[in-house]
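Down below is the structure, laid out as structure tokens.
Coordinate-derived values only; no laboratory data. Just so it is clear, the model here is predicted, and its values are computed rather than measured. With ideal geometry, Cβ positions are generated from the backbone for all residues, glycine too; neighbour counts draw on all protein chains shown.
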Amino acid sequence: MPWRLNWIVIINSLMMLLYHATGNGALGLVGNAFSAIVVIYLLFNVLTSPEILSRYGALLILLTVALAGTLIVNVGKTDPVDFLKYMSLYVLFFAGTISPQRGIMGWSSAAVLLIIPLILLPIGSRVYTGSTVLEEASFSYFQTRNAATIYFTALIFCLVPILGWLAIPIQMLSCLLLGKIGPMLASSAAVAVWNIRPNLASLGVLVGGAVIGAVAYFIGLLQRAVDVIGPLYRDLFLLGPTVIGLMSYGEIVRRAGSTDVSGYFRIKHWVEIWQIYSSAGLDHILFGYGPGQSKLITTALLVPHNDYLRVLVEFGVFNLICFLTLLIIIILRLPSKITKSLFTVYVIYSFTDNMIDNFSSMVLLFAGAGLYARGNILESDIQREEPA
């Protein structure tokens, strides 16, 4: 049975909308079941594909050994949902590379996927966690604005054949409208990596970016970034991450001069979870503590806000090697600088947030990357990415 990327994301997004709008636990279970069925069905397609087995056989063998080791070492300590979230990244990409779907996504599907998250905004954001409703830091049914920003980044990524080079300014505008400086900086870095060359056009881009940055600073759009990042970098330079990891939140607030200490929180959390992992036995170093366990072994009882550290701690060093290999394969097989730039935004931002938890975004990014990697996107679509 053929599958389509856009319908998977539309159905999953509708499930999320209904669940978070109503708080009905049954709808949450239905949504999780739908995601699991999609992953299992696509996994069957992947494992029965001679093309995938021949082209990516070495990675699949290492991944199988790594996952088997993780499950054996951590018997009884495996969250099946988190296990499927991680495995889905590979399944989605590989399934995309053998999909018969023509193109990536049309305007009508994109419009639906843009509108669905915005439906809740007139009544306010609602993120139902099973017992409470989060409203302050959320955007629509996304738990954070960072998660929402990456979702829209993933949507723009799938629309590159239609948008062409306009995808990059639209990406920057999306970050600006959501008020997220982190994704904007990640986007700027990604664009610079893939597009800046020693020529007049690149110089013009740099000058234009500097002008936009200066305007944003003087009208106050960058004030939070200055207030938050300045003290953090000062203390990282003067004290180092280990000392910050030992500080109480009261001390941190006094040093930062603000209660907005998300950067310090991440450093503390990363230091703690790294100390737990690095002092573990060889079995846990190689195969982790088990899917979903990172939020149970630290005092904060949260996942690390870093997908690479999360994979390392929950699945072990072999799985981290597999994950990094997958990302390298994807970037190398993407057909243009624009698609590489937008996927690199995800790669960069995964250092500071939990992206794996957002199934809709991962479907758009990884299945979309697989569709691009087939190599049969219309030449005219790719050529339209660069301005004349």
*Inter-label distance, nm, simple model (7 Å from Cα along the C-beta direction), residue 36/residue 81*: 1.1
*asked:* Assuming 0.36 nm per residue, please report the length gained on full extension of the stretch residue 251 to residue 328 beyond their Cα-Cα distance.
replied: 23.7 nm
*R0 = 22 Å: FRET efficiency of residue 10 with residue 102, Cβ-based, nearest 0.05?*
0.80
*Protection-proxy order for peptides 105-111, 318-324, 17-23, each taking the mean of Cβ atoms within 10 Å per residue, highest first*: 318-324, 17-23, 105-111
*State the volume of the convex hull built on the alpha-carbon positions of the stretch 7-132, expressed per residue in Å³ and rounded to an integer.*
123
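Subtract the Cα-Cα distance of residue 238 and residue 115 from 0.36 nm times their separation in residues, and report this length gain in nm to one decimal.
Gain on stretching residue 238 to residue 115: 39.7 nm.
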